[in-house]
Structure formats: structure tokens, C-alpha cells
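Asks: Just dropping this structure here.
Here, each number is a calculation from the coordinates, and none is a lab measurement. Everything numeric in this text was worked out from a predicted model, so none of it was measured. Every residue, glycine as well, gets a Cβ built from its backbone with ideal geometry; the counts of neighbours run over all protein chains shown.
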Amino acid sequence: MFTLPELNYKYDELEPYIDAQTMEIHHSKHHQAYVDKLNGALEGQEVSETDLSAILADLDSLPEDKRMAVRNNGGGHWNHSMFWQVMKPGVSEFAGQISELISAQFGDLDKFKAEFESSAVGRFGSGWVWLTRNGQELKITSTPNQDNPLMDGVKESDILLCLDVWEHAYYLKYQNRRPEYVVNWWNVVDWEIVNSKLSLA
Ligand code: MN
């Protein structure tokens, strides 16, 4: 049914911004647990990876006793799969369509980052920060737990970027310093992936 995706880079390749031990535990333990529990919740049903976004966009159609498990663990699987994908080692040039849209709407990259960081730091407890689009308009939002914009009716192709702000994403290296984690995270964001999502949308 659902499986843990392989990363396009090694656990230590996002150093020094995200440490290898955090990456290993986050991917091989936390993400794996979401996959296992999602498979448990949907046991006996004919579903595959490509069905997940549609399932999350229509949780109400699930039997009530499965709904919360799928919301939390299906969300966890989908969110982390995207999170690994929007990061990469090395320098990623901020260019192309995303840079035009961000300049037009926020003025410049620093102003955009400040707004995104403020959403990340302001998320109480565990959750995610998102960059989505609605036509030419960009939107920064945040969700609690493993919720995501699919659950609020945003199309999968309009979800451009995500940041995990659960403590398990940064605590080993940054402890309580979430703002420092968020600022450092920009160094591993893959803007090319964001641009390729924009060109498909
Ligand atoms: Mn996580």
C-alpha cells in the first residue's frame, strides 16, 4: 500500500543546517511510523500512493472510526513526502517564476521570508507552514498537527512549499530555538522544485 519514499540525498547532506541524526530519526522513524499507521488504518482497502491526496481532500467520506487515524497519519505521510522533496543540499538559485511572483507580492525575498518565518514561529505547538497559490496570488498559511492545505480545499498542484515545525524536526540541534531552525532552513530550500510545481500548476 503506502511506502516510505527514499530521499534524493543522504542524511548528512543537509548539514550543517539540518543535522544527520535528526534527518535519520525524522525519516526512518517518524515518517515510517506515519506510513505504518496509515496502512493499518486503511487495511483491506484498495488504495495506492496516488489516491492519498484525494483521500485527504475528502476525509468526510471515510468511516468515522478511521477518519482521525487517516487525517493524522495520511497527513503525516503526505506532508513529509513533500517536505523531503522541497529540500536539497547545496546552493539553489532563487530565480524564475517564483522569484517574480514573490517580488510582485511581497516586494522582495527578505520580506517574504520574514512573513513565512513569523508564521512558523507563531504556530503554537506542532504543525506546518505552507506556501500555496491561488491563480497568480501566493498565500502563506499554517496548519496544526499533520493537517495540510488539501484538507482546506487547496489543489495538490497549488501547494508549492512546506516547512515542518514539529519539535522532532529540529530539537536535537536547535532545542527550543525554533526561529534559528527556520532561518537556517532557507539554506536547503530547493527553489527549482518550487518552480517546477509552478510550471505544472
Ligand atoms: Mn516531521
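Asks: Give me the distance between the Cα centres of the stretch 82-126 and the stretch 130-201, rounded to whole Å.
Replies: 8 Å
Asks: Related question: What's the extension gain from S28 to M1 if we count 0.36 nm per residue and subtract their Cα-Cα distance?
Replies: 8.0 nm is the gain from fully extending S28 to M1.
Asks: Also, I was wondering about something else. Could you quote the convex hull projected area for the stretch 23-75, Cα atoms only and averaged over all directions, in nm²? If you can, show how the numbers build up before the last one.
Replies: Numbers: hull surface 14.9 nm².
That works out to 3.7 nm².
Asks: Continuing with this model, one more query. What is the chain's relative contact order, in percent, from Cα pairs under 8 angstrom and six or more apart in sequence?
Replies: Reported as a whole number, the value is 26 percent.
Asks: Mind listing the Cα extents of the chain along all three principal axes, in Å, largest one first?
Replies: 49, 39, 30
Asks: If I stretch the segment between K10 and R177 completely, what's the gain in nm (0.36 nm per residue apart, minus their alpha carbon distance), one decimal?
Replies: That works out to 57.7 nm of additional length.
Asks: Give, rounded to the nearest 20 debye, the magnitude of the charge dipole that the chain has about its Cα centre when Lys and Arg contribute +1 at Cβ and Asp and Glu contribute -1 at Cβ. Walk me through the numbers on the way to the answer.
Replies: Details: 17 positive and 31 negative charges, 78 e Å.
In debye, rounded to 20, the chain gives about 380.
Asks: If r is the Cβ-Cβ distance from A104 to Y17 and R0 is 35 Å, what FRET efficiency results, to the nearest 0.05?
Replies: Values: r = 28 Å, r/R0 = 0.80.
So the FRET efficiency works out to roughly 0.80.
Asks: Can you pull the one-decimal nm distance between simple spin-label points at D152 and A114, each 7 Å off the Cα toward Cβ?
Replies: Calculated label separation equals 2.3 nm.
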